[in-house]
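Participant: Let me begin by handing over the structure; questions about it come next.
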Amino acid sequence: MNRRCNTGDLDDRSVRIEITRPVTGYDDFLLTDISTGETRSLHFSGNTYSFRVALRRASGKLFKIEPLITNITQNTSFNFSLTLYSDLTVSSNATLTIAEGATLTFENHSRLLLSNGNLTVNGTSQKPVVFDFLTPYWQSTTNGIVNNYGNVVLNHAKIKNAAIGYYSYSTDNDDIQNCEIFNNQWGIVMHWTHSYGTEKAKIVNCNIHDNSTWDNQGRGITLSNSSPKIYATTIRKNDYGLYCTTNSNPYDTIDEVNGYNIIGQQRCWNNKLLFNSNAWVCG
């Protein structure tokens, strides 16, 4: 498409674009601006979708539209922001890699689900990767990042507004570093997640805060039969900061030089909990 107008008209004009659903069988599509590489997701609730773009005189736009695949079975990279309207599933040992600065917004209580799939998040301090689940949902499913049997690296990520920000089951390689996990009901839940031998499950230099529920049962970190390494992490302003059950033994890794954990302004609860040393500063 292009815009023809008088040469004296130098202002941008808002142009309405209407797209007819390209193929049946898909509700969600990926739209790419060929000239800039910018990508956005489109959700069709009917047969057409409309949006507006700004165009200068004598300029044009070329777009590519393709179905948004929400079941990833081969290695895939996202270097753009998008909105998901249904679960995004990574399976079959595929790896989803998300580049710095991307924001993934999850509508309709949808989740990022790893089912024998892997996730690598490569954010930076200046351009973190953001996972926004909009509002916590805890009924037939819980929204958030759900990791079943996968390998996850989260570096400089923000996870917010989920029932459980990050949940892992039977994984020993969770690598969560430089992350902010906040405004969820429960921040992190690990079940049968360990850190021993050559395994590296760890939470490092994270800020876990303001995870709460209406009945004051929210949790910063919950461990069940899990023993991750936790160090240089701040856990504050949650209903419960560190909630441990059933043979959970979080390592504070006193051999690390990255600093102590800080935990305070909340309650702690434990049952059969053994801390490996006193490298926890409460306050």
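Participant: Which one of the conditions (1) within 21 Å of SER227 (Cβ to Cβ); (2) assigned to a loop (DSSP other than H, G, I, E, B) does ILE208 fail to meet, given that it meets all the rest?
Facilitator: Condition not satisfied by ILE208: (2).
Participant: If you don't mind, another one. Looking at region 63-86, which of the residues that are aliphatic (A, V, I, L, M) and in contact with a Phe, Trp or Tyr (Cβ under 8 Å, 6 or more places away or on another chain) is surrounded by the fewest Cβ atoms within 10 Å (Cβ to Cβ)?
Facilitator: Looking only at region 63-86, we keep the residues that are aliphatic (A, V, I, L, M), and these are 65, 68-69, 72, 82, 84.
Filter once more, so that each one left must be in contact with a Phe, Trp or Tyr (Cβ under 8 Å, 6 or more places away or on another chain): 65, 68, 84.
Details: ILE65: 15, LEU68: 21, LEU84: 20.
Step by step, filter region 63-86, then rank; the result is ILE65.
Participant: Still on this structure: Find the residue count for region 47-61, including only residues that are in a loop (DSSP other than H, G, I, E, B) and either farther than 25 Å from ASN108 by Cβ or modelled with pLDDT of 95 or more (or both). Before the answer, list the steps.
Facilitator: Kept after step one, since they are in a loop (DSSP other than H, G, I, E, B), are these residues of region 47-61: 47, 56-59, 61.
With either farther than 25 Å from ASN108 by Cβ or modelled with pLDDT of 95 or more (or both) added as a condition, the list becomes 56-59, 61.
Number satisfying all stated conditions: 5.
Participant: Determine whether ARG40 is under 25 Å from the mean Cα position of the chain (by Cα) and charged (D, E, K, R).
Facilitator: Values: under 25 Å from the mean Cα position of the chain (by Cα): yes; charged (D, E, K, R): yes.
Yes, satisfied.
Participant: Out of LEU112, LEU55, I need the residue that is surrounded by 13 or more Cβ atoms within 10 Å (Cβ to Cβ) and either among the polar types (S, T, N, Q) or assigned by TED's automatic domain parsing to the domain that holds LEU154 (or both). Which one? Break it down into steps so the answer makes sense when it comes.
Facilitator: Values: LEU55 fails: either among the polar types (S, T, N, Q) or assigned by TED's automatic domain parsing to the domain that holds LEU154 (or both).
Only one candidate passes the filter, namely LEU112.
Participant: Let me ask something else. Might you check whether a residue that is of a type in the set (Lys, Arg), on the phi < 0 side of the Ramachandran plot and at pLDDT 90 or above occurs anywhere in region 212-225?
Facilitator: yes
Participant: Report yes if GLY150 is under 11 Å from the mean Cα position of the chain (by Cα), assigned by TED's automatic domain parsing to the domain that holds SER212 and among the small types (Gly, Ala, Ser), otherwise no. Full working, then the answer.
Facilitator: Details: under 11 Å from the mean Cα position of the chain (by Cα): no; assigned by TED's automatic domain parsing to the domain that holds SER212: yes; among the small types (Gly, Ala, Ser): yes.
Judged against the criteria, GLY150 is not a match.
Participant: Further, regarding this structure: Within region 183-192, count every residue that is outside any loop (DSSP other than H, G, I, E, B) and surrounded by fewer than 20 Cβ atoms within 10 Å (Cβ to Cβ).
Facilitator: At the first step, the residues of region 183-192 found to be outside any loop (DSSP other than H, G, I, E, B) are 186-191.
Next cut, surrounded by fewer than 20 Cβ atoms within 10 Å (Cβ to Cβ) only: 191.
Adding up the residues that qualify gives 1.
The values are calculated or read from the model by the stated rules, or taken from the named source; none is laboratory data. Note that the structure is a prediction, hence the values are computed from the model and not measured. Neighbour counts are summed over all protein chains in view; Cβ atoms, including those assigned to glycine, are modelled from backbone coordinates with ideal geometry.
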